[in-house]
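What follows is one structure encoded as structure tokens, with my remarks underneath.
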Amino acid sequence: MKIAVVGTGYVGLVTGTCFAEVGIDVTCIDIDQRKIDNLRQGILPIYEPGLEEMVTRNVDAGRLHFSTDLGAAIKDCDVAFIAVGTPPGEDGSADLKYVLAVARGIGEHMNSYGVIVTKSTVPVGTAAKVRREIEQALEKRGAQVDFDVASNPEFLKEGAAIDDFLKPDRIVVGVASERAEDVMSRLYKPFLLNGHPIIFMDIPSAEMTKYAANSMLATKISFMNDIANLCEIMGADVNMVRRGIGSDARIGPKFIYPGIGYGGSCFPKDVKALIKTAQENGYQMQVLQAVESVNEGQKEVLFNKVKKHFGAELKGKKMAVWGLSFKPKTDDMREAPSLVIIEKLLAEGCTVSAYDPVAVTEAKHSLGDRITYAEDQMEALIDADALLIVTEWPEFRVPNFTVVSRLMKQKVIFDGRNIYDKQELEQAGFAYHCIGVRTGH
Ligand code: NAD
């Protein structure tokens, strides 16, 4: 089989590389010439554990190619994935201009039957728009080519993307013909050998499944943050509550960690897009509207604790920040809560020294030289008046607190991810603030 993956970002690059890994001939296409040139030299545009080795291995094996030439790749491929971005438009709805531009390009070049698959997260009805766009392009050039559209939303998690792709909980595929179902079954067969299920459904349901999944996960996070904020007010400990409810099999232990709000390139935009889709169709997603507003508030919770602790003395304080990316094991800074927190600290006249294992280059696009970037986590602490834990990278979990306290000017920790033991830190003389636990400060 031969496939093309159009859009070589997070999803496209992981998708293309993983298909190549199981022996399929893959061409990854992007309009960004520099990205493609870099990839040809083995330089990846993103950090994702294990991806670099896998790209190199498959390029060397001659199964994985990178190109800007959509036409050449489309001509003889069996399946073309559309994996370009679907950023939020000004009103929150998903902007489909990149998806439809690719569809047009496909129609301008395809010569034989193929399945055109939307892998980007797209609202219900998009596959139908893709179909129309391709048909119009074919008509324009007077070509008659048979094709199918399909929807195959992607559920990979940044930071664990390869594992998620190779060993998926499930693969969701929306199709409208037996022929397309057959092609997609053959394509995914290597991933199903270990019992991972493929769920076929109609196309609108597949498109909706992705939004429903992300919205449910975002709901769990905002729900738990709301409970955490109430715990703090009432003198309960959300860490205990979390264990208490997570042990109920109907609720489960995953995705109920309180923190400083969800970020990244998916949850914020997908929640907004689903709210917008509903509004456009005369329905209000009341739960999701609340999910979003809790999340906006939650991004400020850690800063508010800093402000409360230092009061009028906040100006001129040096803040150490551990973690910049929106979650561990990725350099993705899109909608990262760190940006909100750091901007607020800077606006109060603080200086910020940040450390992140991989996200500094990305962070510099937004924060530039307005903060300093430490070479390692301990360097960030030198003379700091407080430490803020913003991303729960594994290396932050058990630091040597004797060294930490020696380096800092004041022993104050604001733990936005609840990774430390309150009692232990207070015994070590730290003022410790976390989420959802009353600290008495
Ligand atoms: P991204 O911004 O990392 O990558 C998109 C790529 O598409 C860019 O490299 C861009 O240059 C390229 N592109 C744009 N227009 C193009 C065109 N006309 N032809 C060729 N290439 C073009 O985006 P991403 O994070 O990979 O997300 C892609 C889609 O997948 C989005 O809809 C997103 O919601 C969805 N998704 C993302 C994740 C994730 O974790 N990042 C997970 C699941 C689904």
Check your understanding: Do the conditions hold for Cys28, that is, is it assigned to a strand (DSSP E or B) and either surrounded by fewer than 19 Cβ atoms within 10 Å (Cβ to Cβ) or not β-branched (Val, Ile, Thr) (or both)?
Key -> yes
Exercise for review: Evaluate the following for Glu108: is it assigned to a loop (DSSP other than H, G, I, E, B), more than 19 Å from the chain's Cα centre (by Cα) and not β-branched (Val, Ile, Thr)?
Suggested key: no
Practice item. Considering only residues that are part of a loop (DSSP other than H, G, I, E, B), near the ligand (Cβ under 10 Å from one of its atoms) and under 19 Å from the mean Cα position of the chain (by Cα), look in segment 68-94 and name the one that is surrounded by the fewest Cβ atoms within 10 Å (Cβ to Cβ). Key: Pro87
Check your understanding: Under the condition of being under 15 Å from Lys317 (Cα atoms) and among the basic types (Lys, Arg), which residue from segment 328-374 is nearest to the chain's Cα centre (by Cα)?
Key -> Lys344
Check your understanding: Which of the residues belonging to segment 37-47 are closer than 18 Å to Asp69 by Cβ, within 12 Å of the ligand (Cβ to nearest atom) and surrounded by fewer than 19 Cβ atoms within 10 Å (Cβ to Cβ)?
Key -> Asn38
Practice item. Please indicate, with yes or no, whether at least one residue in segment 299-309 is away from the ligand (no atom under 16 Å from the Cβ) and without any contact (Cβ under 8 Å) to a residue 24 or more places away in the chain. Key: yes
Check your understanding: Can you pull out the residues in segment 145-154 that are over 17 Å from the mean Cα position of the chain (by Cα) and either within 12 Å of the ligand (Cβ to nearest atom) or not charged (D, E, K, R) (or both)?
Key -> Val145, Phe147, Val149, Ala150, Ser151, Asn152
Revision key, fill the gap. Among helices (runs of 4 or more DSSP H) entirely inside segment 155-247, those with 3 or more residues being surrounded by 15 or more Cβ atoms within 10 Å (Cβ to Cβ) and within 16 Å of the ligand (Cβ to nearest atom) are 161-166, 203-234
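We did not get these values from a lab; they are worked out from the coordinates using the rules stated. Bear in mind the structure is a predicted one, so any value in this text is a computation, not a measurement. No Cβ is skipped: glycine too gets one built from the backbone with ideal geometry, and neighbour counts run over all protein chains shown.
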